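Working notes for the structure below.
The values are calculated or read from the model by the stated rules, or taken from the named source; none is laboratory data. Only a predicted model underlies this, so the values are computations on that prediction, with no experimental measurement involved. Here the Cβ positions follow ideal geometry from the backbone for every residue, glycine too, while neighbour counts run over all protein chains shown.
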Amino acid sequence: MQHTRDRPVKAAGTVTVRPAPRDRRRAIVTLGGITVQAALGRSGPSPFKREGDGATPIAEMRLLSGFTRAERVRLPATPLRISRIAKDMLWCDQPEHPAYNRLVRSPFKPSHEEMTRADGLYDVCLVLDWNITSRKRYGGSAIFFHLAKPGYEPTAGCIAVSLRDMKRLLPYLRKGTVVRVVA
């Protein structure tokens, strides 16, 4: 148990992500009594996630850890391990590379995502266990729970919420919390 603003907070078990009724690229995220809106992948949810398809996997994914740009965002206390993003941190999304769907350091020539994004989407970036513990080439990489673009524009396959809503959820998240994306 952890304390936030002098009241005890228990880590929660499951975050449910349901596509919005009128736009499958948007979602309703619930955790306990908290309900927030989110953006999903540009192709909506899919049970057949492939690298580069823009789909959010329909799956139960466990939270592994998180990253933050601590110089840009101050986070509430959370049981989830959150590491500071360094300038040389990248995420490999090259399916043929041995470091596929892993954190790597620059210089790194194969295809990758920069963790220090200028648009701030990874100012808070939680790593979901999609194709990490058991990796398959082309199974999809960098499936994160991160911050949303203004207007909740679709993601490349991630789940994205506002900074305000991420701060509301973080005190209840821990390693192993299940994020369940449903059809």
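Criterion applied to L169, L147, L80, L163 was being surrounded by fewer than 16 Cβ atoms within 10 Å (Cβ to Cβ) and within 19 Å of V15 (Cα to Cα), and the one residue passing it is L163. For region 61-84, the set of residues classified as hydrophobic (A, V, I, L, M, F, W, C) and either under 27 Å from P45 (Cα atoms) or in contact with a Lys or Arg (Cβ under 8 Å, 6 or more places away or on another chain) (or both) consists of M61, L63, L64, F67, A70, L75, L80, I82, listed by residue number.
Within region 98-114, identify whether any single residue is in contact (Cβ under 8 Å) with a residue 12 or more places away in the chain, farther than 18 Å from T133 by Cα and surrounded by 20 or more Cβ atoms within 10 Å (Cβ to Cβ), and answer yes or no. Yes, because at least one residue in region 98-114 is in contact (Cβ under 8 Å) with a residue 12 or more places away in the chain, farther than 18 Å from T133 by Cα and surrounded by 20 or more Cβ atoms within 10 Å (Cβ to Cβ).
Search region 28-49 for residues being part of a strand (DSSP E or B) and among the aliphatic types (A, V, I, L, M), and hand back the single one that is farthest from the chain's Cα centre (by Cα). Among them, the one singled out is I34.
Residues in region 123-150 that are hydroxyl-bearing (S, T, Y) and within 19 Å of M89 (Cα to Cα): S141 alone. You will find that of I143, I132, I159, the residue that is in contact with a Cys (Cβ under 8 Å, 6 or more places away or on another chain), of a type outside the set (S, T, N, Q) and in contact (Cβ under 8 Å) with a residue 40 or more places away in the chain is I143 and no other. A single member of G157, G176, G120 is touching a strand residue (DSSP E or B) at 6+ places or on another chain (Cβ under 8 Å), at positive phi and surrounded by 23 or more Cβ atoms within 10 Å (Cβ to Cβ), and it is G157. Output the number of the condition that A20 fails; it satisfies all remaining conditions of (1) in contact with a Leu (Cβ under 7 Å, 6 or more places away or on another chain); (2) at pLDDT 95 or above. For A20, the exception is condition (1). The lone criterion from (1) without any contact (Cβ under 8 Å) to a residue 60 or more places away in the chain; (2) part of a loop (DSSP other than H, G, I, E, B); (3) under 29 Å from T14 (Cβ atoms) left unmet by C125 is number (2).
Here S111 passes the criteria (1) within 19 Å of G52 (Cα to Cα); (2) touching a Phe, Trp or Tyr at 6+ places or on another chain (Cβ under 6 Å); (3) among the hydroxyl-bearing types (S, T, Y) except the one numbered (2).
Contact annotation: residue pairs with Cβ atoms under 6 Å, 6 or more positions apart or on different chains, pairing a residue in region 35-50 that is within 17 Å of M61 (Cα to Cα) with a partner that is basic (K, R), are L40/R25; G44/R24; G44/R25. Applying the criterion of being within 17 Å of D53 (Cβ to Cβ) and among the aromatic types (F, W, Y) to the residues of region 124-161, the residue that is farthest from the chain's Cα centre (by Cα) is Y138. For residues that are aromatic (F, W, Y) and outside any loop (DSSP other than H, G, I, E, B), tally how many sit in region 76-120. Result for region 76-120: 1. Residues that are without any contact (Cβ under 8 Å) to a residue 60 or more places away in the chain and not in a strand (DSSP E or B) within region 53-75 comprise R69, A70, E71, R72, R74, listed in sequence order.
When restricted to residues that are hydrophobic (A, V, I, L, M, F, W, C), touching a Pro at 6+ places or on another chain (Cβ under 9 Å) and in a helix (DSSP H, G or I), region 149-176 contains 1.
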